[in-house]
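Here's the structure we're looking at; comments come further down.
The values are calculated or read from the model by the stated rules, or taken from the named source; none is laboratory data. Nothing here was measured: the structure is a model prediction, and the numbers come from that model. Because the Cβ atoms are built from the backbone with ideal geometry, glycine has one as well, and the counts that use them run over all protein chains shown.
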Amino acid sequence: MTTYCHLSFALPVNQTFLYRLPDELKSRVKAGTAVLAPFGPRKIKGYVLEISELPAAPGFQVKDIYDVLENWPPFPPVFLNFIQKLAGRSLCSAGLFLELAEGPGRSAEVKEKVIITQKGKDELQSGQLKGKNRQLLEQISQKAFSSAFLKRKLKWRDLNARLKSLELAGLIEIRRKTRRVKSQRISSPAAPRQLSLPVGFQEEDNEVGPVFQALAAGEFRRFLLAGDSGKRQEVILKIVRQALESDGYVFILVPEIEQIARWWREAGQLGSQVSFYHSRLSEKKRKENWDKIISGQSRVVIGTRAILFLPVNPVRLMVIDEVQNDLYEQAESLPLDVREGAQIRAKEEGAVLLLSSSTPPVSCYYLSQANGELIDLGQSDRHHLCELSRKEIGCWLSEELLAEVGPELKAGQKAFFFINRKGYAGYLVCPACGYVPRCPTCQIPLILDKKKNELVCRYCEQSLGQLETCPVCHHQLKPGRIKGSQFLVERLKKLLPDFYLALLEEGEEKNRIEDSLKKINSGKVQLVVGTEYALPRLQPGSFSRVIIVEPEIGLNLPDFKAAEKTFVKIFKATELLANQPSSKMIIITSMPDQPAIKFGADGDYPGFYRQELEYRKLLKYPPFSLLVSLTLTGRNLRKVAGTSRCLVEELARRFPSVEIIGPKVKPRVWHKQQKEVRLYLRLGGSDALSAFHDFLEIFSRNSRQIRLSYKILF
């Protein structure tokens with residue numbers, strides 16, 4: 001019998017690889033161990049997913065594992081199962097996710113040095129070597145460098161091949177040294193204690209009784225906690241304390257780092273059991289918190305998606321705060337929806353998954369209510385005034401601004417202008433022929449950035465010099481009707497010159513944003529203009545006037561959730577308003593009767609939910625159908641488009657009842673070199689999803705150089 005290992009590497013390859021496990025390494029290798037293995041001409045780090053005994057050798061060449069990399073316990077079996085299921089769902093390599101699970105300072109390094117040999121020195125002095133080989137030897141003749149440094153320095157695509165050939169010729173030597181890191185041992189779970197209802201359990205807590213029962217039983221259950229933010233955090237704190245009665249961990253996930261600040265008060269009440277964990281911590285603090293979590297000193301972890309990959313168990317409770325936030329969808333590297341990943345882990349751990357939001361997704365609310373998983377705490381009464389104005393923003397600023405905002409500012413109050421459009425104007429237009437400058441790549445109107453005096457594409461971020469005249473009829477171009485944040489700042493500075501103004505939008509310098517927030521909180525800045533970027537960074541209830549400018553812009557987007565997203569933005573903007581009779585919210589819109597705007601202004605989630613549900617039922621949108629977004633990504637548009645056509649043909653053949661919309665070329669915001677083709681599928685029901693996933697898994701393995709991912713829209 002020969003022992004073999006199935007390895008996964010931190011590479012964009014959706015498959016595992018078979019290696020032979022030498023006898024001298026058997027005692028050191030288990031499932032979840034990191035090893036060094038040959039992969040092509042290189043030796044790289046891989047993760048053991050499975051160990052098996054085979055009576056006979058397979059019918060192909062199998063290489064041996066080179067070495068064990070790290071001197072620490074392997075990943076816990078439950079955690080390893082979670083990673084494999086998550087990788088299978090994401091059509092990705094498990095090694096990519098396991099790499100995320102390595103804590104700060106834990107990752108073993110394989111250091112390489114390229115050293116010239118005596119034979120290489122002789123060849124260099126003889127003058128027989130020419131071209132790139134001579135240049136490479138001259139580079140390392142005085143000092144040994146790593147291959148990574150040489151790649152950055154020389155920028156040769158064929159560098160690996162040249163290093164291999166020179167090594168075989170004996171002109172260079174590549175020395176590899178593995179640095180093993182001895183890390184904090186992962187704590188082993190103690191025997192669980194039987195949970196009981198909390199000591200302070202009151203009759204009014206009956207609505208969260210099922211959560212306590214699920215915690216006591218140690219079984220997976222999913223709940224949606226809806227309602228006012230203050231009420232929700234109070235209930236979550238009770239549930240967290242109950243979960244801590246048993247041995248295990250509590251994870252609280254937030255969509256972005258700025259929203260962690262809203263949990264500081266709760267963290268203070270739980271004391272030393274809490275640790276924060278996210279990418280913006282210093283390396284020292286991150287390592288310190290990691291050791292506390294792994295050792296079990298801190299059992300409540302608050303942070304972003306990074307905490308999903310902490311290799312600890314058992315996890316008793318997972319809370320996803322602001323579950324409606326699309327920032328949980330990760331697009332810049334691994335295709336991952338953190339909410340779905342949290343559900344996979346909660347199922348594997350037998351944990352309670354608690355979704356929390358004051359504006360939960362319509363589909364999530366509907367399904368939770370149907371399955372008996374809804375806990376609705378209701379909204380607090382609102383006492384502020386609300387006014388909807390049909391006036392154009394330029395006219396409103398000229399006629400009503402001083403009367404509405406001026407007295408409040410003089411009294412020391414603060415005003416917030418919410419406009420979800422960057423730049424000076426949404427587009428330029430020729431008044432004579434109607435020409436609109438568009439991005440040559442994305443074919444969408446270019447935003448006028450007056451500060452930089454250029455036109456910018458909001459998708460691919462391509463910038464062009466400002467056009468002053470129409471290239472068709474040579475008339476003067478003018479800003480279109482849709483105005484942006486720069487226009488608002490310019491007008492406000494002219495009309496209210498005596499008050500300091502701060503602009504909060506994505507793209508501003510980090511130090512400038514932090515300085516503006518400090519001045520806003522201290523009262524030095526009373527006038528604030530911001531986009532959606534500003535909403536989670538400002539303190540709720542800190543403004544006496546909130547003016548929302550043209551929120552209907554987002555309603556025209558080709559997205560069945562456009563109304564829901566518009567409602568959420570208005571709702572979140574109104575939370576910044578002080579809940580007092582003297583406070584006032586003003587919405588400047590041409591569509592005051594649109595349900596998303598009307599119900600958002602009133603903070604009426606139930607009213608919007610009922611209206612939106614009727615609309616979706618009529619058009620068979622989720623939750624009344626299963627809608628899937630399928631994305632193909634690669635560097636070569638021709639290959640991506642060709643693969644998408646083959647995929648559509650195969651889908652139509654295998655799933656004739658599936659409705660296919662697309663494919664369509666989409667821009668990649670996060671990487672200009674990446675080309676993306678997207679299509680949408682309407683499946684018959686959840687029963688077809690399993691067969692659909694199996695088909696995509698096989699198709700993705702056969703489609704090299706193309707990354708395939710899918711997302712269930714809800």
Qualifying residue in the range 461-468 (condition: closer than 19 Å to Leu492 by Cα, among the aliphatic types (A, V, I, L, M) and either surrounded by 16 or more Cβ atoms within 10 Å (Cβ to Cβ) or touching an Asp or Glu at 6+ places or on another chain (Cβ under 6 Å) (or both)): no
Residues of the range 626-663 that turn out to be surrounded by 17 or more Cβ atoms within 10 Å (Cβ to Cβ) and more than 21 Å from Ile698 (Cβ to Cβ), as a count: 1
Answer residue from the range 121-132, given it is more than 49 Å from the chain's Cα centre (by Cα) and in a helix (DSSP H, G or I) and is nearest to Ala144 (Cα to Cα) among those: Lys121
Any chance Glu173 is at pLDDT 80 or above and either of a type in the set (S, T, N, Q) or more than 30 Å from Asn313 (Cβ to Cβ) (or both): yes
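Matching residues to (1) of a type in the set (Val, Ile, Thr); (2) without any contact (Cβ under 8 Å) to a residue 12 or more places away in the chain; (3) in contact with a His (Cβ under 8 Å, 6 or more places away or on another chain):
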| site | (1), (2), (3) |
| --- | --- |
| Leu626 | no, no, no |
| Ser629 | no, no, no |
| Thr633 | yes, no, no |
| Thr643 | yes, no, no |
| Glu649 | no, yes, no |
| Ala652 | no, yes, no |
| Ser657 | no, no, no |
| Gly662 | no, no, no |
Candidate set from the range 447-493 (those that are at pLDDT below 80 and among the hydroxyl-bearing types (Ser, Thr, Tyr)); member that is farthest from Val549 (Cα to Cα): Ser463
Wholly within the range 324-408, helices (runs of 4 or more DSSP H) carrying at least 3 residues that are within 28 Å of the chain's Cα centre (by Cα): 338-349, 362-370
Failed item, numbered, when Arg653 is tested on (1) over 28 Å from Cys364 (Cβ atoms); (2) touching a helix residue (DSSP H, G or I) at 6+ places or on another chain (Cβ under 6 Å); (3) in a helix (DSSP H, G or I): (2)
Selected residue (criterion: farthest from Pro77 (Cα to Cα)) from residues of the range 105-150 that are modelled with pLDDT under 80 and surrounded by 13 or more Cβ atoms within 10 Å (Cβ to Cβ): Ser147
Test result for Val29, surrounded by 15 or more Cβ atoms within 10 Å (Cβ to Cβ) and over 26 Å from Gly350 (Cβ atoms): yes
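So that you can scan it fast, the table gives a plain yes or no per residue for (1) closer than 20 Å to Phe97 by Cβ; (2) not β-branched (Val, Ile, Thr):
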| residue | (1), (2) |
| --- | --- |
| Val254 | no, no |
| Ala267 | no, yes |
| His278 | yes, yes |
| Asp326 | no, yes |
| Ala351 | yes, yes |
Some residue of the range 689-708 being among the β-branched types (Val, Ile, Thr), outside the structural domain of Leu327 (by TED's automatic domain parsing), out of contact with any strand residue (DSSP E or B) (no Cβ under 6 Å at 6 or more places or on another chain) and under 22 Å from Leu334 (Cβ atoms): yes
Residues of the range 514-567 satisfying the condition of being in a helix (DSSP H, G or I), closer than 18 Å to Phe599 by Cα and either outside the structural domain of Ser583 (by TED's automatic domain parsing) or touching a Pro at 6+ places or on another chain (Cβ under 9 Å) (or both): Ala563, Glu564, Thr566, Phe567
Qualifying position, being aromatic (Phe, Trp, Tyr) and over 30 Å from Leu576 (Cα atoms), among Tyr605, Tyr621: Tyr621
Long-range neighbours under 6 Å by Cβ, at least six apart or interchain, first residue farther than 28 Å from Leu492 by Cβ within the range 421-436, second buried (at least 20 other Cβ atoms within 10 Å of the Cβ) and of a type outside the set (Gly, Ala, Ser): Cys430/Cys470; Cys430/Leu477; Tyr435/Cys470
Check on Arg221, at pLDDT 90 or above and either touching a strand residue (DSSP E or B) at 6+ places or on another chain (Cβ under 9 Å) or buried (at least 20 other Cβ atoms within 10 Å of the Cβ) (or both): yes
Matching residues, the range 546-570, being over 22 Å from the mean Cα position of the chain (by Cα) and surrounded by fewer than 23 Cβ atoms within 10 Å (Cβ to Cβ): Glu550, Glu552, Ile553, Leu555, Asn556
Failed item, numbered, when Pro198 is tested on (1) within 30 Å of Ala34 (Cβ to Cβ); (2) at pLDDT below 80: (1)
Some residue of the range 423-433 being at pLDDT 75 or above, more than 22 Å from Pro551 (Cα to Cα) and in contact with a His (Cβ under 6 Å, 6 or more places away or on another chain): yes
Filtered residue count, the range 15-32, keeping only those that are of a type in the set (S, T, N, Q) and either at pLDDT 90 or above or in contact with a His (Cβ under 6 Å, 6 or more places away or on another chain) (or both): 1
Sole exception among (1) without any contact (Cβ under 8 Å) to a residue 40 or more places away in the chain; (2) in contact with a strand residue (DSSP E or B) (Cβ under 9 Å, 6 or more places away or on another chain); (3) under 23 Å from Ile698 (Cβ atoms) for Val29, by number: (3)
